[in-house]
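A short write-up of the structure that comes next.
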Amino acid sequence: MLDRGHSLPRLVAVGAPSLPVAELLVGRRIEEATELLPRLFNLCRAAQEGALRLALGIETAATEEALAQELRREHVAKLFVVWPRHFGQPGVALPEDWKVDSERLLEAMFGPAASAPKTAEEVTGFLASDLGTAPLLRRISECFPIGSATCRPLPAPTPDLLWSGEAIENSTAARHLGAPAMLAIEASHGRGPLWRAWARLEDLRAVLSGRLPRPDRPRRTYAIIPAARGSFAVQARAEDGRLTFFRRVTPTDHLLVPGGILEQCLATLPVDRQALSPLLLDILDPCSPLRLKEVRDA
């Protein structure tokens with residue numbers, strides 16, 4: 001018989017107070033504001049500066065190259081340094097020329113053939129191998145039972161949905177929902193840690209082949225930039241050389257909304273796997289500090 005007086009514990013996320021970014025920027029001269037914004041944060045500096053410049057109509061030729069370098073650096077760090085440490089590994093040695101030789105980096109990701117799996121059979125075969133990142137992805141898959149730490153399909157980001165405050169799939173994975181390997185993993189494992197980790201491979205491939213979505217200015221004063229964690233959006237206006245209005249929305253904002261990705265993933269994380277929550281958080285990758293606390297429903 002179920003003892004209703006002893007409910008099972010669950011994890012909830014508690015975010016840190018956010019910076020009053022608009023208050024820090026509005027009233028400053030444009031160049032001062034575009035230089036200050038990326039300095040306020042440790043992550044996605046190229047995306048933040050590029051989004052503000054584009055929203056103000058200051059499109060620079062260097063933005064896309066800076067974005068590509070930033071995404072390459074962040075994805076490589078996760079795949080070859082940060083995530084392996086969760087399994088007691090110091091990191092994976094990369095070829096010395098990985099920053100300039102795309103083929104060499106693809107080999108480090110997928111093995112000597114540098115060919116990404118596409119079909120369900122190829123994905124299964126790759127995960128069972130010792131090629132490239134397969135051992136890491138296999139360990140991630142083994143940590144989370146099929147269907148655990150998953151999120152149901154959410155709407156993909158659109159220019160309007162980004163500002164809606166609704167739960168949406170604003171993530172790296174959102175750029176690759178139709179990729180064959182992503183579809184195969186979703187069908188077999190759901191939108192869980194393996195699916196999200198694989199999205200980093202897909203995104204890194206897109207960066208290396210020049211297929212990353214371009215920065216977009218769907219409306220005047222509004223810019224959308226591809227960032228390492230999803231889509232970064234900014235609305236900004238200026239008069240007489242000074243910023244008069246600023247607001248932004250980040251992938252982490254959508255990660256943390258009620259009913260969003262993080263809440264759903266924590267809700268489907270089994271109690272006996274809650275010790276894996278640091279790994280889960282590292283895969284979901286919020287760009288601002290948060291902690292998890294254990295609660296029990298009455």
Open item on the list: Explain nothing, just compute: Karplus ³J(HN,Hα) = 6.51 cos²θ - 1.76 cosθ + 1.60, θ = phi - 60°, for every residue of the range 107-124 in order, whole Hz, x for Gly and Pro.
Closed with: 5, 5, 7, 10, x, x, 6, 6, 10, 7, x, 10, 7, 4, 5, 5, 4, 4
Task: With eigenvalues of the C-alpha gyration tensor scaled by 5 and rooted, the range 177-233, Å - done: 26, 13, 9
Open item on the list: If you scale each eigenvalue of the Cα gyration tensor by 5 and take the root, what three semi-axes come out for the range 9-296, rounded to whole angstrom and sorted largest first?
Closed with: 32, 23, 16
TODO: Find how many whole Å separate the alpha carbon centroid of the range 237-269 from the alpha carbon centroid of the range 83-128.
DONE: 31
Open item on the list: So for the range 9-296, averaging the separation of alpha carbon pairs under 8 Å that are six or more residues apart and normalising by length, what relative contact order in percent results?
Closed with: 30
Task: Per-peptide average of other Cβ atoms within 10 Å, ordering 87-96, 163-172 highest first - done: 163-172, 87-96
Open item on the list: Using the Cα centre of the chain as origin and beta-carbon charges of +1 (Lys, Arg) and -1 (Asp, Glu), tell me which of G15, W195, L280 is placed farthest towards the positive end of the dipole.
Closed with: G15
Open item on the list: Quick check on packing: order 287-294, 247-254, 138-145, 13-20 by the mean number of other C-beta atoms within 10 Å, highest mean leading.
Closed with: 247-254, 138-145, 287-294, 13-20
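Bear in mind these aren't lab numbers, they're just calculated from the coordinates by the rules spelled out. All figures in this text were calculated on a predicted structure; none of them were measured in a lab. Ideal geometry is used to build each Cβ from the backbone, glycine not excepted, and the neighbour counts take in all protein chains shown.
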